[in-house]
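Reviewing the structure listed below.
The values are calculated or read from the model by the stated rules, or taken from the named source; none is laboratory data. Model, not experiment: these values are computed from the prediction. Using ideal geometry, Cβ is built from the backbone for each residue, glycine included, and neighbour counts are taken over all protein chains shown.
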Amino acid sequence: MTATFSIVTPVYNDARWLPGAIESVLRQTYPHWEMVIGDNASESDLASIVAGYPDERIRYRRWERHTGVADNHNRTLVLCRNDWLQVLSADDRLVPECLERMAARIDEATAAGREPALVLTAARPVLEDGTDAGQFSGSWRVKHLPSGTYGPAQWLRHVAEPGQVPWNIGSIALARQVWEVMGGFFREEAGWFDLDMTLRASAYGPVEYLDEKLLANTVRPTAVNKELTRSDLAGRRLTALGLAILSGLAVHEARRAVSPAERQFVERQVAVTLVGRALQQRYLPGGRGRRGAFGDLRRAFGFDRLWFLSPRHALRAALAIAAPRSVIVRAKSWFTRTGRVL
């Protein structure tokens, strides 16, 4: 059976970026796709841009009511017709062989008797001018994930463990039959949308991963993840990452037997995210100072009473509580400059 893809681009304004996204889909070496563009009541004339690409596989819908990011993704996905759903942001670009390689992996899995819930590839972060951005997010170390098939427990651990995942939302294809039963693609309350979505989906079937950089994702100052960090510091009980992995854990527990060791590992990672935010409270704009740091460290103990036995986390906590802000900034700069993670 031939795999068919729906490339979904929910967009608000971004007239500068949309043509490049469309052209990257048109350059695909695999022909079995449609592109569905959901215009979130933009002020820009996106309809004219789309009209400049007269391919019957491209469909455009302008919504009259502006909504949040999650809602616009979900209502645009409803318009899709094909078996695999792939969200492509307006500022991201598919490598020409992306869909062909994904389709081949789906065929391999099907021939082996597996029905994947997700097919993913690695991604290459780029700056706005298209040059290599190096790392995805600040000083986070990018986790290495070998090509392979990952079961629910393996995928839960992969997402929960510290570090930046090597893939991006634009390099994820979700099986339509999984999307129809998993309760929405994105959830506004869930924290990091792509992590939450892949964790929930992985409870429904295996994940096929290709360690090939088949997406170029643009790193911009206005990225959603940076907004999540700002809202984190404003006083959420949990970090956005903590919310996402706990949300995924709940779905896994509803669908399979999650071992005590798995739950303990996930809760420890939630604690670690709170220790990290305690340090951010001291040096990031919008942080709540020592009071915010103390609050986050107290919450960390609620998930794992032994997190402080790690020398690294003990150091982060000590800096968050006792060090002047200038010392924290210099320490973080030194760690980043030397390729280490504070």
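Can you tell me how many residues in the stretch 253-265 are out of contact with any His (no Cβ under 9 Å at 6 or more places or on another chain) and in a helix (DSSP H, G or I)?
The total comes to 8.
Can you tell which of R277, R256 is surrounded by fewer than 22 Cβ atoms within 10 Å (Cβ to Cβ) and out of contact with any Phe, Trp or Tyr (no Cβ under 6 Å at 6 or more places or on another chain)?
Exactly one of R277, R256 is surrounded by fewer than 22 Cβ atoms within 10 Å (Cβ to Cβ) and out of contact with any Phe, Trp or Tyr (no Cβ under 6 Å at 6 or more places or on another chain), namely R256.
If E161 satisfies every condition in (1) surrounded by 20 or more Cβ atoms within 10 Å (Cβ to Cβ); (2) out of contact with any Phe, Trp or Tyr (no Cβ under 7 Å at 6 or more places or on another chain) but one, which is the exception?
The failed condition is (1).
Which is assigned to a loop (DSSP other than H, G, I, E, B) and either assigned by TED's automatic domain parsing to the domain that holds L199 or at pLDDT below 95 (or both), of E100, E128, E108?
That would be E128, the only listed residue that is assigned to a loop (DSSP other than H, G, I, E, B) and either assigned by TED's automatic domain parsing to the domain that holds L199 or at pLDDT below 95 (or both).
With respect to R282, determine if the residue is among the charged types (D, E, K, R), buried (at least 16 other Cβ atoms within 10 Å of the Cβ) and either farther than 20 Å from Q264 by Cβ or within 26 Å of the chain's Cα centre (by Cα) (or both).
So R282 fits the description; yes.
Considering only the stretch 10-17, I want to know if a residue exists there that is part of a helix (DSSP H, G or I) and of a type outside the set (S, T, Y).
no
Output the residue which, of all residues in the stretch 45-90 that are closer than 21 Å to H32 by Cα and of a type in the set (V, I, T), is surrounded by the most Cβ atoms within 10 Å (Cβ to Cβ).
V87
F335 fails exactly one of the following numbered conditions: (1) over 22 Å from V159 (Cα atoms); (2) aromatic (F, W, Y); (3) in contact with a His (Cβ under 6 Å, 6 or more places away or on another chain). What is the number of that condition?
(3)
Having 1 or more residues that are at pLDDT 90 or above and acidic (D, E) is the bar; report the helices (runs of 4 or more DSSP H) wholly within the stretch 145-247 that clear it.
So the answer is 193-202.
Can you tell me which residue among A41, A70, A51, A47 is within 21 Å of the chain's Cα centre (by Cα) and either in contact (Cβ under 8 Å) with a residue 60 or more places away in the chain or in the same structural domain as V219 (by TED's automatic domain parsing) (or both)?
Only one candidate passes the filter, namely A70.
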